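The values are calculated or read from the model by the stated rules, or taken from the named source; none is laboratory data. Keep in mind the model is a prediction, meaning the values are calculated, not measured. Please note: Cβ atoms are built from the backbone with ideal geometry, for glycine as well, and neighbour counts cover all protein chains shown.
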Amino acid sequence: MISGKKMLVISAHAADYVWRSGGTIAKYIKEGAEVSIVVLSFGVRGESNDLWKQPNATAESVKEIRKGETMAAAEILGVKNIEFWDLEDYPMEFNRELEERLVRKIRETQPDIILTHDRFDILNPDHNQVSDFAFRCSVMSNSNGVKIEGTNTTKQMRIFGFEPHQTELSDYKPGSFIDITDVYEQKVAAMQCFKAQSHLIEYYTQRAFMRGNHARRISGNNTYKYAESFANYFPVVGPELY
């Protein structure tokens, strides 16, 4: 049951949440979930190479383009709750103040699900840093001993890792597949907002098709045409095997 669920998405850069979970985000919103997104940086230094080729490009001009792209993509996906922390990327660094800020955000949203980066991306250390940061803050959010005024401790939430680019090289192993067939066109339209990384549009389009094939084969449900996959941070727990 998706309706009524709360999801928090923690994205290192402006486009990561779209490439890797845009279909799932759109599906959850369409089916009545409350989805909040934190974009930690715009990826100005490390993920905007094409924009830096433009005449007279500056950090501010690149940032404005990236912000416009991600806001347009979020609107296509149906996202209403998104915030931009505007941190510097390449490298990304997190101090105690930022930890407290994210713990506060987790406690404010009280998510059933957190989507963020998987533990290892061979070509992007920012993603690895964010994975560790998000997990660490989720643990602190659950602890009664971590006192932050005006917040309530969370219960253990499910955490899922994005499928990275260069999947096999990163030793990524899918743990969950989500059917995104009904919202696939939304995801494609959202991806097309990002002119700075146009090479990834085809890559993640192909991934959706391939993961759809896996979802059909594993489930036996032939209506699954497109899917996204995620790594499971924790084992599945329940009264039966499913």
Top-ranked residue of the range 112-131 - restricted to ones that are in a loop (DSSP other than H, G, I, E, B) and touching an Asp or Glu at 6+ places or on another chain (Cβ under 9 Å), ranked as farthest from His165 (Cα to Cα): Arg119
I'd like to know if the range 146-162 contains one or more residues that are in contact with a helix residue (DSSP H, G or I) (Cβ under 6 Å, 6 or more places away or on another chain), within 22 Å of Ala73 (Cβ to Cβ) and modelled with pLDDT of 95 or more. yes
Selection count, the range 29-80, where residues are free of Cβ contacts under 8 Å to residues at least 24 places away in the same chain and of a type in the set (Gly, Ala, Ser): 4
Do you know which residues across the range 180-191 are touching a Gly at 6+ places or on another chain (Cβ under 6 Å) and either in a loop (DSSP other than H, G, I, E, B) or surrounded by fewer than 16 Cβ atoms within 10 Å (Cβ to Cβ) (or both)? Ile180
Among the residues in the range 197-205, are any among the polar types (S, T, N, Q), modelled with pLDDT of 95 or more and within 18 Å of the chain's Cα centre (by Cα)? yes
Do we find a residue being surrounded by fewer than 16 Cβ atoms within 10 Å (Cβ to Cβ), over 26 Å from Phe42 (Cβ atoms) and not acidic (Asp, Glu) anywhere in the range 154-166? yes
Set Gly4, Gly32: member being surrounded by fewer than 16 Cβ atoms within 10 Å (Cβ to Cβ), more than 16 Å from the chain's Cα centre (by Cα) and under 22 Å from Asn232 (Cα atoms): Gly4
Just to be sure I understand, how many residues within the range 55-73 are surrounded by 23 or more Cβ atoms within 10 Å (Cβ to Cβ) and of a type outside the set (Ser, Thr, Tyr)? 3
Anything in the range 119-137 that is over 18 Å from Gly43 (Cα atoms) and either hydrophobic (A, V, I, L, M, F, W, C) or crowded, with 19+ Cβ neighbours inside 10 Å (or both)? List them, or say none. Phe120, Phe135, Cys137
In this structure, does Phe177 turn out to be in a strand (DSSP E or B), without any contact (Cβ under 8 Å) to a residue 60 or more places away in the chain and in contact with a strand residue (DSSP E or B) (Cβ under 8 Å, 6 or more places away or on another chain)? yes
All positions within the range 220-242 that are in contact (Cβ under 8 Å) with a residue 40 or more places away in the chain and either within 20 Å of Ile76 (Cβ to Cβ) or among the hydroxyl-bearing types (Ser, Thr, Tyr) (or both): Thr223, Tyr224, Lys225, Tyr226, Ala227, Glu228, Ser229, Tyr233
Would you check which residues across the range 132-170 are under 23 Å from Trp85 (Cβ atoms), among the hydroxyl-bearing types (Ser, Thr, Tyr) and not in a loop (DSSP other than H, G, I, E, B) and list them? Ser138, Ser141
How many residues are among the hydroxyl-bearing types (Ser, Thr, Tyr) and either part of a loop (DSSP other than H, G, I, E, B) or touching a Ser or Thr at 6+ places or on another chain (Cβ under 6 Å) (or both) if we restrict to the range 192-231? 4
So Trp52 ticks every box in (1) crowded, with 22+ Cβ neighbours inside 10 Å; (2) modelled with pLDDT under 95; (3) aromatic (Phe, Trp, Tyr) but one. Which box is left unticked? (1)
